[in-house]
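Have a look at the structure below, then the notes.
The values are calculated or read from the model by the stated rules, or taken from the named source; none is laboratory data. Remember, predicted model here, so these are calculated numbers, not experimental data. When we count neighbours, we look across all protein chains shown, and the Cβ atoms used for this are built from the backbone with ideal geometry, even at glycine. For the accessible areas, the whole protein counts, side chains as well, though only heavy atoms, and no ligand, DNA or RNA atoms are used. Shrake-Rupley method; radii C 1.70, N 1.55, O 1.52, S 1.80 Å.
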There are 2 protein chains.
Amino acid sequence: MAKKAAVRPHRYTLRPVGVIKSDLKSRRNAPRQGAEGAPDAWLEVRPWASAALHLLSPGDEIIVITWFHHARRDVMQVRPRSDPRNPITGVFATRSPDRPNPLGLHPVVVRAIDGNRLRIGPIEAIDGTPVVDIKPVIS
Amino acid sequence: MAKKAAVRPHRYTLRPVGVIKSDLKSRRNAPRQGAEGAPDAWLEVRPWASAALHLLSPGDEIIVITWFHHARRDVMQVRPRSDPRNPITGVFATRSPDRPNPLGLHPVVVRAIDGNRLRIGPIEAIDGTPVVDIKPVIS
């Protein structure tokens, strides 16, 4: 029982560091992946996190991690791309936004930087999508 | 004011879907990146999420997303790799585990699958690190 008490709490809280501002307004119209004709967008970083942008530069390749705030978290299996010809697949083997923790990974290029706003793309995330982290691509 | 009331809540809750079981026991001894001599490890998926593994196979390249549960969340700038010769850099331009939302991205290969346990590697995450998502690499 002492052992059980030592188990760490099994919940963690994400505080968004920014938000996507995009012309893509709904999930229905969004491309499935950035490479499939997605537009550029703005990533507005919250003022409290803007110091974390220091030394990011136009031309950098980064991975933007989003939170799919419209996703369903109780979905464990899907047919990829909602295509009935695809087999039922566990969401960990797909990029479905519906998954237990609906995190999105978006490799993009930094086009420009204007204060705490990054012009990035191409990115299929819809307008209003929260951003929870930004990482450099390490090749 | 009606507009302000419509703003969505700015917190999201992560529920770990699994945990890393590794011979790496402390952050001090962990390599900085998987490519720098990290070992293989087990990823134990929680029973409630195991259906999401369906159709994952040995040989698959996946990205494991972890939560650095020992990280500091109030750090916005670091000297990369703790090297005093490196310039002060915003954490969004580094892979520092210390960052507002301490998510880790680990590209690994699935070596073997045993029920809800995946043998994966190489991975620099230490023993006990929570896993919050698993995604296929899309090339």
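Tabulated values for the structure
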{"read-out": "Filter result for A:PRO31 (surrounded by 13 or more Cβ atoms within 10 Å (Cβ to Cβ), in a loop (DSSP other than H, G, I, E, B), modelled with pLDDT under 95 and more than 8 Å from chain B (Cβ to nearest Cβ))", "value": "yes"}
{"read-out": "The stretch B:96-116 residues that are in contact (Cβ under 8 Å) with a residue 24 or more places away in the chain, paired with ones that are open to solvent by 40 Å² or more (accessible area, probe 1.4 Å) and aromatic (Phe, Trp, Tyr) (beta carbon under 7 Å, 6 or more apart)", "value": "B:PRO97/B:PHE68; B:PRO102/B:PHE68; B:GLY104/B:PHE68"}
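Conditions tested, residue by residue: (1) at pLDDT below 95; (2) within 18 Å of the chain's Cα centre (by Cα).
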| site | (1), (2) |
| --- | --- |
| A:HIS69 | yes, yes |
| A:ARG73 | no, yes |
| A:GLN77 | no, no |
| A:ARG81 | yes, yes |
| A:PHE92 | no, yes |
| A:ALA112 | no, no |
| A:THR129 | no, yes |
| A:LYS135 | no, yes |
